[in-house]
1. Quick check on the stretch 132-142. Is at least one of its residues under 18 Å from residue 167 (Cβ atoms), among the basic types (Lys, Arg) and in a loop (DSSP other than H, G, I, E, B)?
2. What residue, among those in the stretch 103-113 that are crowded, with 16+ Cβ neighbours inside 10 Å and over 15 Å from residue 26 (Cβ atoms), is modelled with the lowest pLDDT?
3. Going through the stretch 71-99 one residue at a time, which ones are in contact with a helix residue (DSSP H, G or I) (Cβ under 7 Å, 6 or more places away or on another chain) and part of a strand (DSSP E or B)?
4. Filter the stretch 3-45 for residues that are part of a loop (DSSP other than H, G, I, E, B) and aliphatic (A, V, I, L, M); which is modelled with the lowest pLDDT?
5. Between residues in the stretch 124-140 that are of a type in the set (Val, Ile, Thr) and residues that are in a loop (DSSP other than H, G, I, E, B), which pairs lie under 6 Å by C-beta distance while being six or more apart or on different chains?
Amino acid sequence: MQSTPFPVLNTERLVLRSLEADDDEAIFRLRAEESVNTYLEDFRHSSIEQTREFIGKIRAGAPESQWVYWAISPKGANDLIGTICLWNFSSDGATAEVGYMLHPDFQGKGFMREALEKVIEYGFRVVNLKKIEAYTHRDNQASTRLLEKFHFKRRGEKTGKEEGHEIIFTLYKRIGDPE
C-alpha cells in the first residue's frame, strides 16, 4: 500500500488529513474523554507526553505503509474533531481494519458517516482492498448502527482476553464496484 504522499481526503464538510505534532492537545483531550473510552480498553492517555509518543509512532508508521491514520477536521478549520484509520493490513494487502473515534461534541451529526464513507471508498478504490473489517464493543450501539448503514455484516465475536465483548464486522468489496 502506498501512502506517500499522504492521502488527504475531502468530503462535503470535512478534511481527512495527516496527524500532525500540533494535534497533541486535541488528541489528548479525545483520548482522555470518559465517554470516548466507555467501550475501549488500553486506550486512555494519562499525560500529554503519552499522546506525543503516540503521534510520533503514528507518523513514523505511515510512510512504511503500516497504517493510514487521518485526523478529521471541519473544512475551513484545522481543528481535530476525531480520527479514522485503516490499519492492521493483511500480509497480502487484501484486508485492513478500520478504526475511528469522534469527540462527543460532534457525534450524532453525520460527521463519522461522511468520514467512513470516504475511507471505505479509498480502501476499495485506491488501496484495492477486498475486505474491510471493524471491531466494536457489543454494547456500542452507535458504532454498530454506523457499520450496518454501510452494509458491514456481523461475522462473530473476537476471542481473547475480552472474549465476547467485541463484535467482528466485515464489508466485502462487491463485484462490479469501480476500481
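The values are calculated or read from the model by the stated rules, or taken from the named source; none is laboratory data. Keep in mind that what you see is a predicted model, and the values were worked out from it rather than measured. Cβ coordinates were reconstructed from backbone atoms using ideal geometry, including for glycine residues, and neighbour counts include every protein chain displayed.
1. There is at least one residue in the stretch 132-142 that is under 18 Å from residue 167 (Cβ atoms), among the basic types (Lys, Arg) and in a loop (DSSP other than H, G, I, E, B).
2. The qualifying residue modelled with the lowest pLDDT is 107.
3. Hits for the stretch 71-99 are 71, 72, 82, 84, 86, 96, 98.
4. Once the filter is applied, the top-ranked residue is 40.
5. So the pair list comes out as 127/1.
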